[in-house]
Amino acid sequence: MKKLVLILVTVLAAFFMIGCNEEEGEDELTMLWWSDGTEGFVMQTLLNRYEEETGVKITLVSTPYNEYEQRLATMISGGQAPHLARVTEGHLNNFQDQILSLKDVFDEDQFKNLFFNNDGEVIGLPMDITANGLFVNLDLLEKYSVNYPELGEEVWTWAEFETEMNKLKDKEDVTAPGIFDHQAHRFMPLFYQNGVTLWDTPYTVSNLKSTEAVATLQQLMDWYDEGFLSDQTYVVKNSAAEFRNGTYGFHMSGNWNVSAYQSLTFDWTVVPMPKGENRATILGGKSMAAFANSGAEDEAKDFIAWLSEGVNHDQFTNGVPYLTPRLGAEVNYGPYAEQYNVFLDEIANTDNMYITDWLDQVMIPGMYPIINLLVENAADPNNTKTALELLTQLETDLKGIMD
């Protein structure tokens with residue numbers, strides 16, 4: 001009899017503790033994360049402070065970026081969605097049905113670069129703003145007398161850029177004059193610089209087969225055919241690692257590498273991108289998102305609300321540092337200021353119609369793999385299609401998704 005009473009007491013105690021945990025919520029969450037530079041370390045300092053203040057532990061699960069989207073998709077499909085995750089605009093688009101609305105979680109008026117679901121509700125807390133830009137290896141440029149403009153000087157044209165960078169071609173210590181990231185949106189600003197909006201009427205009438213668009217893609221194809229650009233990026237899928245070797249004159253990438261490149265063994269800087277008819281870059285950014293069916297939706301939203309507070313959000317952008325999306329933020333870019341000023345200048349010289357056009361493009365589900373395929377095909381030495389044929393296929397694929 002005593003044994004039976006003891007068993008009943010134990011069972012009741014267990015049920016009581018389960019009930020308490022359900023009422024009190026989860027006290028340990030997971031955050032899926034990748035790092036381009038020091039931002040993982042900076043986020044961990046915030047998570048440590050959040051645990052001290054709330055008692056809620058959040059474990060940072062780091063994953064290489066080239067494996068990130070597949071891992072996130074696998075976790076979601078397997079019923080093991082992370083509570084929180086760092087996401088790009090592409091992730092917000094591709095997984096928006098699994099991402100929680102953050103309506104009324106934070107003050108949206110205090111942030112720019114917001115992304116919304118089909119119901120018009122914000123689905124991510126903007127953590128930084130990104131822009132495309134041009135990194136150069138100063139050691140190689142100076143060794144081979146390559147001229148380049150600095151911020152405040154007259155911006156060079158693509159023809160002038162090609163002439164100067166070709167001074168590096170066929171040199172023993174140079175793999176190729178330059179390298180682009182393998183992601184296609186590093187190439188997309190060239191359309192805008194040549195006056196081409198991708199959409200005349202979003203998802204219905206495109207400008208992808210225009211004379212200007214075809215000429216722009218043909219220029220890229222010529223650069224790969226002539227060895228001006230290295231196609232090694234499509235082998236390693238990590239152009240930053242290639243640029244670190246010190247055998248490329250330039251790297252077309254994004255501002256996150258300003259912090260990631262601080263430990264390079266050669267001198268480098270950021271210079272203005274060349275221009276076509278005009279100047280233009282592409283804006284992007286990373287956000288913090290919470291996921292449905294994680295088992296701790298409210299707790300995840302609580303963290304995002306905390307992270308949106310000025311002192312906490314600014315600790316992240318100051319710690320990396322990154323271009324901030326928070327209005328009124330106080331960010332000291334310190335030794336990064338010179339490079340970040342170039343990116344800020346690129347943004348300031350980008351017409352709003354191109355920013356709007358790119359946001360229309362971003363909202364096409366699965367858009368990134370489609371445009372990536374366009375550029376990979378353009379770089380493929382075995383490609384037999386013309387620039388017009390590749391762009392016609394791109395238009396068909398993009399419209400097909402929206403039908």
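Key figures
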item: Top-ranked residue in the range 273-294 [being among the polar types (S, T, N, Q) and within 13 Å of residue 192 (Cβ to Cβ); ranked as surrounded by the most Cβ atoms within 10 Å (Cβ to Cβ)]; result: 281
item: Candidate set: the range 63-86, residues that are more than 17 Å from the chain's Cα centre (by Cα), in a helix (DSSP H, G or I) and in contact (Cβ under 8 Å) with a residue 24 or more places away in the chain; chosen: the one nearest to residue 124 (Cα to Cα); result: 76
item: Hits in the range 378-396 (condition: under 25 Å from the mean Cα position of the chain (by Cα) and either within 12 Å of residue 225 (Cα to Cα) or of a type in the set (Gly, Ala, Ser) (or both)); result: 378, 379, 380
item: Hits in the range 49-58 - residues which are surrounded by fewer than 12 Cβ atoms within 10 Å (Cβ to Cβ) and either in the same structural domain as residue 238 (by TED's automatic domain parsing) or under 20 Å from residue 298 (Cβ atoms) (or both); result: 53, 55
item: Any hit, the range 87-110, residues being touching a residue at least 40 places away in the same chain (Cβ under 8 Å), assigned to a strand (DSSP E or B) and not aliphatic (A, V, I, L, M); result: yes
item: Pairs, first in contact (Cβ under 8 Å) with a residue 60 or more places away in the chain in the range 39-62, second surrounded by 14 or more Cβ atoms within 10 Å (Cβ to Cβ) and among the β-branched types (Val, Ile, Thr), C-beta under 6 Å, six or more apart; result: 39/320; 42/320
item: Positions within the range 146-171 being among the charged types (D, E, K, R), farther than 15 Å from residue 226 by Cα and part of a loop (DSSP other than H, G, I, E, B), in sequence order; result: 150, 153, 154
item: Residue list for the range 380-400, filter: over 19 Å from residue 88 (Cβ atoms), touching a Ser or Thr at 6+ places or on another chain (Cβ under 8 Å) and not charged (D, E, K, R); result: none
item: Residue in the range 151-158 that is modelled with pLDDT of 95 or more and among the hydroxyl-bearing types (Ser, Thr, Tyr) present; result: yes
item: Lone qualifier among 120, 178 - being of a type in the set (Gly, Ala, Ser), farther than 22 Å from residue 344 by Cβ and part of a loop (DSSP other than H, G, I, E, B); result: 120
item: Hits in the range 15-66 (condition: among the β-branched types (Val, Ile, Thr), more than 30 Å from residue 238 (Cα to Cα) and at pLDDT below 95); result: 18
item: Checklist (1) closer than 14 Å to residue 221 by Cβ; (2) modelled with pLDDT under 90 applied to residue 390, failing item; result: (2)
item: Selection status of residue 133, at pLDDT 95 or above and in contact with a Ser or Thr (Cβ under 6 Å, 6 or more places away or on another chain); result: no
item: Set 247, 233, 281, 269: member being of a type in the set (S, T, N, Q), touching a residue at least 40 places away in the same chain (Cβ under 8 Å) and closer than 24 Å to residue 363 by Cβ; result: 281
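The values are calculated or read from the model by the stated rules, or taken from the named source; none is laboratory data. Keep in mind the model is a prediction, meaning the values are calculated, not measured. A quick note on method: Cβ atoms are made from the backbone with ideal geometry, for glycine too, and the neighbour counts reach across all protein chains shown.
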